[in-house]
Amino acid sequence: MKPVGPACSIGSGQVLTPAEKHAAKCRRCLKNPRVCYCASIVPIETRCRILILQHPSEMWRPSATAKIADLALPNARLYIKEDESDERELESVLSDPGVRTFIVLPHEAVPEPAELRASGALDGSFVPAFLFLDGSWRQVRRMRHRRKWLEGLPAVTLRPQNDSMYRIRRQAQPGHLSTLEAVALLLSQVEDRPERFGHLLDLLDLMVTRILALRGMDRDGVPLKTGTRWGDRGVVSSE
Ligand SMILES: [Zn+2]
């Protein structure tokens, strides 16, 4: 059972000084209290484990999505790159004979998770685990190539049919997904009752809509009229 952090304890409507902005973030989701989605999380149980190795620069990034998976999936775990205890723990999971880990790589000539499941490769007494590398494309490439213990892991890839709904960070190419969307797509292919994972996308939509509102935009990214932006009412924006 993973430890559950405190619920967001920061009320809304308070005026924040720049020095308070960082400290005032929700200690659970690490977002501005006006973006915090913690109250909407309904945990989703899975057979598969989701492992995410995150570049530290993603940790406090307003648009980071991997934390949603970490909080909404009891069987997910977020590891921070170069955090010694995190990297050690991840290595021990990868070497656990009771866990069979697949690394999720974009644009590789390897099977999709659904093909893996259909082939029976996920059947057995082991626990299937899927490892995602979370960062920019360049960071992901470095993370992968600088860790010998990632070599030799069987790989899967995702071929999304729909464009990303992630409206706040430009995707490098059409069909690229945010980390959370990739997790949701993968789980929908390997777990029973795939419709359950729509909740992850609902949480993403909630987070994105609130971030856009902080930026003075509606949910489609269209600027709101002057005076309707939260920041205009004296609340310092810090997503
Ligand atoms: Zn929160």
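Of the residues making up region 197-221, just one is of a type in the set (Lys, Arg) and modelled with pLDDT of 90 or more, namely Arg210. Using the structure shown, decide if Leu116 is part of a helix (DSSP H, G or I), within 16 Å of the ligand (Cβ to nearest atom) and in contact with a helix residue (DSSP H, G or I) (Cβ under 9 Å, 6 or more places away or on another chain). For Leu116, the condition - part of a helix (DSSP H, G or I), within 16 Å of the ligand (Cβ to nearest atom) and in contact with a helix residue (DSSP H, G or I) (Cβ under 9 Å, 6 or more places away or on another chain) - is not met. Pairing each residue of region 132-159 that is closer than 19 Å to Arg77 by Cβ with any residue that is outside any strand (DSSP E or B) and β-branched (Val, Ile, Thr), provided the two are 6+ apart or on different chains, yields C-beta distances under 7 Å for Phe132/Thr179; Phe132/Val183; Leu133/Val140; Asp134/Thr179; Val156/Val110.
With respect to being closer than 22 Å to Glu84 by Cα and among the aliphatic types (A, V, I, L, M), Leu131 fits the description.
Listed conditions (1) at pLDDT 90 or above; (2) more than 12 Å from the ligand (Cβ to nearest atom); (3) buried (at least 20 other Cβ atoms within 10 Å of the Cβ) are all met by Cys29, apart from (2). Is region 67-83 home to any residue that is modelled with pLDDT of 95 or more and in contact with a Phe, Trp or Tyr (Cβ under 8 Å, 6 or more places away or on another chain)? Looking for residues that are modelled with pLDDT of 95 or more and in contact with a Phe, Trp or Tyr (Cβ under 8 Å, 6 or more places away or on another chain), one finds at least one in region 67-83, hence yes. Restricting attention to region 39-72 and to residues that are within 14 Å of the ligand (Cβ to nearest atom) and either more than 14 Å from the chain's Cα centre (by Cα) or part of a loop (DSSP other than H, G, I, E, B) (or both), the residue that is surrounded by the fewest Cβ atoms within 10 Å (Cβ to Cβ) turns out to be Ala39.
Could you list all residues from region 84-103 that are surrounded by 14 or more Cβ atoms within 10 Å (Cβ to Cβ) and either over 29 Å from Ala121 (Cβ atoms) or of a type in the set (Ser, Thr, Tyr) (or both)? Matches in region 84-103: Thr101 only.
For Gly11, the conditions (1) part of a loop (DSSP other than H, G, I, E, B); (2) at pLDDT 60 or above; (3) within 13 Å of the ligand (Cβ to nearest atom) all hold with the exception of (2).
The values are calculated or read from the model by the stated rules, or taken from the named source; none is laboratory data. Quick caveat: nothing in here was measured; it's all calculated off a predicted structure. So basically every Cβ, Gly included, is an ideal-geometry build from the backbone, and we count neighbours across all protein chains shown.
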